[in-house]
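Here's the structure, in structure tokens; my notes come after.
The values are calculated or read from the model by the stated rules, or taken from the named source; none is laboratory data. Remember, it's a predicted structure, so these values are computed and weren't measured experimentally. Note that each Cβ is placed from the backbone with ideal geometry, even for glycine, and that neighbours are counted across all protein chains shown.
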Amino acid sequence: MRDRKTKFIIIIGCGRLGSELAIKLSKNHNVVVIDKDETSFERLTKRNFIGFTRVVDTNDMAALKDLNIDKADMIYIVTPDDNLNFMLAYGIREINEEIKLAARVNDPLKKAIFIKANVNLFCPIEDSVNQLVEELDKVDEKI
């Protein structure tokens, strides 16, 4: 039986963002990282990742369903492809509409599509810009 605080987390996409997320979350949770390219997992083996990796065609919803994605406490969809991220979020919601997920949106202009589909999202570019502007505001406060 799983500790109530320990979550079953699936991360789809093991680039820089996905691998950093996996390393951090694997310290306290059960993490499975999915990517279509086996070499992407090298980022994890060089660090202290404690979890599982699976090579899966991320375009294949049937293959993803076989990995018990419907049992996950949280799914992070962090591939570099906004269209794929949207289709994955939509497909996963078709499998289990109650599942918690967050999808990466690289192009701020595409945020509206994700919002309209009721997909939790994060936009690294927009988040970075906002953080940099906040830093400028802090400089202005000191003057």
### Message
Quick check on my filter: what residues within the range 18-32 are over 19 Å from I69 (Cα atoms) and β-branched (V, I, T)?
### Response
I23
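Mind listing whichever residues of the range 66-79 are surrounded by 15 or more Cβ atoms within 10 Å (Cβ to Cβ) and within 13 Å of N96 (Cα to Cα)?
Answer for the range 66-79, where residues must be surrounded by 15 or more Cβ atoms within 10 Å (Cβ to Cβ) and within 13 Å of N96 (Cα to Cα): I69, A72, M74, I75.
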### Output for the range 39-86, where each listed residue is more than 18 Å from L17 (Cβ to Cβ), assigned to a helix (DSSP H, G or I) and modelled with pLDDT of 95 or more
none
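A quick yes/no check of all residues on (1) in contact with a Gly (Cβ under 8 Å, 6 or more places away or on another chain); (2) surrounded by fewer than 19 Cβ atoms within 10 Å (Cβ to Cβ):
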residue	(1), (2)
I9	no, no
C14	no, no
L17	no, yes
S26	yes, no
H29	no, no
I34	yes, no
F49	no, no
### Query
Mind checking whether some residue in the range 35-49 is in contact with a strand residue (DSSP E or B) (Cβ under 9 Å, 6 or more places away or on another chain) and under 22 Å from E97 (Cα atoms)?
no
### Query
Is there a residue in the range 117-128 that is within 18 Å of I12 (Cβ to Cβ) and in contact with a Gly (Cβ under 8 Å, 6 or more places away or on another chain)?
no
### Options N30, N85: the member that is of a type outside the set (A, V, I, L, M, F, W, C) and either under 29 Å from K111 (Cβ atoms) or out of contact with any strand residue (DSSP E or B) (no Cβ under 8 Å at 6 or more places or on another chain) (or both)
N85
